[in-house]
1. Note the full-extension length gain between V61 and K142 as 0.36 nm times their separation in residues minus their Cα-Cα distance, in nm to one decimal.
2. Which aspartates and glutamates have a Cα lying under 20 Å from the Cα of K51, excluding residues fewer than 8 positions away in the same chain?
3. Within a 10 angstrom radius of the beta carbon, how do F148, F226 rank from fewest other beta carbons to most?
4. Counting DSSP beta bridges with both partners in the range 64-242, what percentage is antiparallel, nearest 5?
5. Relative contact order for the range 64-242: what percent, with Cα pairs under 8 Å and sequence separation of 6 or more?
6. Taking the Cα centre of the range 64-242 as origin, sum charge times position over the Cβ atoms of Lys and Arg (+1) and Asp and Glu (-1), and report the length of that vector in debye to the nearest 20.
7. Under 12 Å from the Cβ of S188, count the other residues' Cβ atoms, weight Lys and Arg +1, Asp and Glu -1, and hand me the total.
8. Using a cut-off of 13 Å between alpha-carbon atoms, which aspartates and glutamates can reach K150, once sequence neighbours fewer than 8 places away in the same chain are excluded?
Amino acid sequence: METAIREYCKQLKLGTIADEWNNIPLKDKKQYLHDLLLHEVKEREINRINKSIKTAGFKIVKLLSDFHWSTSIDIPSTITREGIEKGSFIEKKENLLLLGAVGTGKTHLASVIALEACKNKKKVKFYTAAELANVLLDKHQKGTLATFMKMIKRLDLLVFDEIGFVPLHRDGAELIFQVISDCYESRSLIITSNLEFSGWNSVFGDNRLTTAIVDRLVHHSHILVFSGESYRLKHSMQQQRNS
C-alpha cells in the first residue's frame, strides 16, 4: 500500500505528502488531514520562494533582520520606512533611488527589498548596471532582444545596482535607456548609485541621454540619500581593533 500511496502522490504532484504522510501524528481524521495538507502548502511556499530568489539573480541574499537603519540614511517624506520594507511603492509602480558613497548600505537595502518582494509573490530581477548593459548588447547581437524585453515587461520590480562604477558602452547605455523607458509608469525600479545625478553623464556618456534617463527615473520616485562612512571599512577597522 505504501508504494501505491507514493505513486498516487506522484501523479497528483504531492511530493511532500508522499514523504511525510507516515510521520504526521494522528489524533483524529480531520486533524490528520489538516496537518498533512498544511505541511504540503508550507513546503510548496518555501519552494516557490526559493525558485523566485534563484530566478531574480541575487548576487548575495540579504535578510531584512540583518539591515541596520542608520540615522545617516535620509528617507524622504513621500514614503515611510515600513513602506520601503514592505515594497508599497511597487504596488504604485514607483521607483526607489538609493544614492550615496560606497559601502553605506545601498546594495544591502536594495537586496532586502527585492527579497521581500520575492516572498510577496512579485516577479523580480537583479542586475548590476554593467551586467545588464552586457546582457542587452549580447541579446541585441544574437537577435533575441525582443524576447528579453518581453521578460522585463512581465516583472514587478527590476533592480539596477552600481550605476557609476563602470562607464557604459554607448550602445549599452542606449539599450538601458530603452529598458527604463519601457518600465516607466508600468513597473518599479530600484537604482543604486555612488554618484549624484550630475555625475551620471560620466556613466552614460551623452548629456541628452543622461537627462532623459534621469527625467524618467526621478518622476514617481522616492530618493534615499546615504551619508556617513563606509560600513565595510568601519567593520574592518573594528575587527582589527578587537584582534
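1. Numbers: separation 81, 0.36 × 81 = 29.16 nm, distance 3.08 nm.
Taking 0.36 nm per residue and subtracting the Cα distance, the gain is 26.1 nm.
2. Straight-line reach from K51, under 20 Å: E40, E43, E116, D156.
3. Numbers: F148 17, F226 21.
In order of increasing Cβ crowding within 10 Å: F148, F226.
4. Percent antiparallel among DSSP bridges in the range 64-242 is about 10.
5. Working: 277 pairs, mean separation 65.3, N = 179.
RCO, the range 64-242: 36 percent.
6. Numbers: 22 positive and 20 negative charges, 112 e Å.
Dipole of the range 64-242, to the nearest 20 debye: 540 debye.
7. Values: positive: K92, K93, K122, K123, K125, R187; negative: E91, E94, D156, E185.
That works out to +2.
8. D182
Values in this text are rule-based calculations from the coordinates and carry no lab data. The structure displayed is predicted, hence computed values, not measured ones. Cβ atoms come from the backbone with ideal geometry, glycine included; neighbour counts cover every protein chain shown.
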